[in-house]
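Notes for the one structure printed next.
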Amino acid sequence: MAAPWSLWLFALFLSRPPLGSGEAASGCHAASRAAVASGNPLAENLRFRYSREANAGRPAHGPLQQMAFISTGVFTMGTDEPAIPQDGEAPSRRVHIRHFYMDRYEVSNTEFEKFVTSTGYITEAERFGDSFVFEGLLSETVKRDIHQAVAAAPWWLPVKGANWKHPEGPGSEIHERMDHPVLHVSWRDAVEFCAWAGKRLPTEAEWEYACRGGRENRLFPWGNNLHPNGKHYANIWQGTFPSNDSGEDGYTGTAPVTSFPPNGYGMYNMVGNVWEWTEDWWTVHHSAEETHNPKGPSLGEDRVKKGGSYMCHKSYCYRYRCAARSQNTPDSSASNLGFRCAADSNPDDTSGEMRGHREAVLDT
């Protein structure tokens, strides 16, 4: 596992606006958020423009829009045996969760394309003009034109023209990956998609509750054994990171959102495949006291992401565990970062209401 400072520096550089974007020397975070700050017509009209009411072409709730009902309950969040202590995995604490709905699948390219077609939305990666891509996915032609990298993690390269439609930059397409998770989406991009779909992002506590699938004190959604009966249950890195992914689980790079067996709540790919944004601001300080429906700090600089990705390997990024966590600034995007949505009531139920939660998310 990398040294703590190395992981921190990697997160810092990965969450920067794209290199060469003309960021102010006073701080890249504020400059990158300006793209969606007050005064931008897209942001000012957000609540209406991306709501169900404003879009007759709201998503058809087919197989990839299915939501699981997750009943009210109490579970143990976090762990007293953290694998990566600096991430704030500890302490374990009892958390009560009110019932909610959550997407069974990560949002796919198919679903995100419907959103873009309906609204004309432009992602932050498209506005910045580039995004971070794992160098192992890039052609030698693309890499020849890149002269900068993340110092602490040189396998991350800023690729001009990389976005959700072109995950590896110009010349790459998603036509053969429409059932794979959408990539290069920022936290704000995810919030706007969920609002359009009549949903919201899950809180970190909701996400972890859903990840555990009714099991207590287990590492993974299915238990403690990474390969039960010799079978793969998640899309993670096999081989030597970062030079060789043997693809023993059937994939190098992302997998379809329907891949691998679901957990006890019917949730697919809760660990591995892509990191998933949550609603919460990041903190590494948690009380051991019992809580009800926690939502994290009221303010912060980074948002919590959960689940790890296809790039995670125990030797470097042992974060494909339910208690594991990481963070990025809300304007970050990369080739291993996606999301899924949650809701207080099922958007398919026309009698249900979102109870104002979506508005609360968009006001932050």
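Quick look at the values:
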{"item": "Lysines with Cα under 18 Å of LYS160, excluding same-chain neighbours fewer than 8 positions away", "result": "LYS143"}
{"item": "Residue (of TRP187, VAL257, MET270) at the positive-pole extreme of the range 63-348, dipole from beta-carbon charges", "result": "MET270"}
{"item": "Relative contact order (percent, whole number), the range 63-348, Cα cutoff 8 Å, 6+ residue spacing", "result": "26"}
{"item": "Distance between modelled label sites at THR291 and LYS160, nm, 7 Å Cα→Cβ extension", "result": "4.4"}
{"item": "Packing-based ranking, highest mean first, of 67-80, 253-266 given that Cβ atoms within 10 Å are counted", "result": "253-266, 67-80"}
{"item": "Centre separation in Å (Cα based) which lies between the range 222-244 and the range 301-325", "result": "14"}
{"item": "Where labels lie 7 Å past Cα in the beta-carbon direction, separation of PHE69 and ALA83 in nm", "result": "3.4"}
{"item": "Cα lying deepest toward the dipole's positive end in the range 63-348, options PRO228, GLY239, GLN148, charges on Cβ", "result": "PRO228"}
{"item": "Those aspartates and glutamates that a straight Cα-Cα span of less than 17 Å connects to LYS295, excepting residues fewer than 8 apart in one chain", "result": "GLU89, GLU204, GLU206, GLU208, GLU276, GLU279, ASP280, ASP344, GLU359, ASP363"}
{"item": "Charge dipole magnitude, Cβ of K and R +1, D and E -1 - the range 142-264, Cα centre, debye nearest 20", "result": "120"}
{"item": "Cα-based reach from LYS231 at 29 Å (exclusive), listing lysines while leaving out same-chain residues under 8 positions away", "result": "LYS305, LYS306, LYS314"}
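A short reminder: the numbers here are calculations on the coordinates, not readings from a lab. This is a predicted model, so every value here is computed, not measured. Counting neighbours? That spans all protein chains shown, and the Cβs are built from the backbone with ideal geometry, glycine included.
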